[in-house]
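Rule-based calculations on the coordinates, nothing more; no lab input. For clarity, every value in this text was computed on a predicted model and none was experimentally measured. Here the Cβ is made from the backbone with ideal geometry for all residues, glycine too, and neighbour counts use every protein chain on show.
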């Protein structure tokens, strides 16, 4: 399970460090994709394969299904960590997520999200009080 929030730099080659506590879960491989809300996501390879198998059986006649399938498959890149625990984020993903020199690496249960700091701040602002959190939880069955 991925949890926590970490701040890291993005170097000129597009490398960002994966927090040490996340690395073991990505030991068997990882896939980075463009993700919802304008961030990048890093999935353990097995988790991404599970997601891909669900997407691949969606009905071809459904326009939304085709769009989601194309979106995910066209932006999926297998990545490996270097000796310093960094992965290279492909340029298209950096552009999608507006990642330049800084990144916020966030645990999101079954995957890791990588955010531009300003986008992460905007997401956090939507949950900046107990009332806002309560409002977001309404109707979710939690």
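As a length-normalised measure over Cα pairs under 8 Å and 6 or more apart, the relative contact order of the chain settles at 36 percent. Taking every Cα-Cα distance in the range 5-116 and sorting them into 5 Å bins starting at zero, the pair-distance distribution P(r) comes out as 2, 12, 24, 24, 18, 10, 5, 3, 1, 0 percent. Mind giving me the FRET efficiency for residue 101 and residue 124? R0 is 22 Å, r the Cβ-Cβ distance, nearest 0.05 is fine. Here the calculated transfer efficiency is 0.65. Distance between the C-alpha centres of the range 115-142 and the range 50-95: 25 Å, rounded to the whole angstrom.
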